[in-house]
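Worksheet for the structure shown next.
The values are calculated or read from the model by the stated rules, or taken from the named source; none is laboratory data. Predicted model, so just to flag it, every value in this text is computed and none were measured. Positions of Cβ are backbone-derived with ideal geometry, glycine not excepted, and every protein chain shown enters the neighbour counts. Note: accessible area is taken over every heavy atom of the protein model, side chains too, but ligands, DNA and RNA are not part of it. Shrake-Rupley method; radii C 1.70, N 1.55, O 1.52, S 1.80 Å.
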Amino acid sequence: MEEVSPMSYDYTIISNVDIIMLPDTFKQLNCYQATEDTGWIVPAIISQNNGENLSPQAMHRYSLNKLRLLWLTFRFPFIHRLYAKTLYEHKEKIKAHAGIVYAGHGSCIILTREYFNRCGIINYPIFLYEEEIYIAEECRTHGLKVIYEPSIIVHDIGRVSTGKTNWKENYLWHAQGLEFIIKNYY
């Protein structure tokens, strides 16, 4: 982003390597009319593993207590593993209609020119995780909307970006990301 200004483009797409975009993805994005106060357009992200839509990530801003609890689960992996094998399996999936949300899934982020106009270049110092909360907080801080638009569809192969990384590093990166979010936005 330092070499090529995102201000030269209507949209900037940041995605994991395991995202597939079909020609229709770009056609739908080209037809989409973002309002001036839109910072992030959240596409439907369809998992190739189970056909479920991974987006949006969150309808409402997380509470500080929820973020602290998440940090705790990633700081102490045995707590997260217990959560994943019990409560997470019964967690209700988010069913959203087009409109304002808090955050999309971090595997595919579509930012508008206005995002860069108000927020500047992305300066998130953590590797791989919690970037969706960072982008959502930047939008919130700078008076921008995060809009879920299910007509824009991408496909997620899954676990290509993180499938080969060490699980201990994954937990560490999650915890570091949450620490950054809590310190800088709460």
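Per residue, how large is the accessible surface of the chain? Use a 1.4 angstrom probe and give square angstrom. Could you put the intermediate results ahead of the total?
Values: 10920 Å² over 186 residues.
Per-residue accessible area for the chain comes out at 59 Å².
Quick test of the membrane-span-like rule: which DSSP H helices of the chain reach at least 20 Å along their long axis (C-alpha atoms) with mean Kyte hydropathy at least -1.0?
On the way: long enough: 167-185 (27 Å, -0.64).
Those that pass (Cα extent of 20 Å or more, hydropathy at least -1.0) are 167-185.
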Label-zone membership for the range 165-181, site LYS85, 7 angstrom Cα→C-beta point, backbone N under 20 Å:
167-172
Where the eigenvalues come from the Cα gyration tensor of the chain, what are the semi-axes √(5λ) of the equivalent ellipsoid, largest first, in whole Å?
26, 20, 16
Reduced to Cα centres, the span from the range 134-157 to the range 1-71 in Å works out to 5 Å
Percent of Cα-Cα pairs per 10 Å bin, from 0 to the last occupied bin, for the range 97-186, please list those.
15, 43, 34, 8
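Can you tell me the length gained on complete extension of the stretch HIS142 to GLU3, counting 0.36 nm per residue apart and subtracting the Cα distance? List each step's numbers first, then the result.
Values: separation 139, 0.36 × 139 = 50.04 nm, distance 2.39 nm.
Result for the pair: 47.6 nm of gain on full extension.
Could you work out what % of the accessible surface of the range 33-135 is carbon and sulfur, using a 1.4 angstrom probe and leaving DNA, RNA and ligands out of the count?
Working: 3260 of 5960 Å².
Within the range 33-135, the accessible surface is 55 percent carbon and sulfur.
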Could you work out Rg/(2.2 N^0.38 Å) for the range 72-147, with Rg from alpha carbons only?
1.35
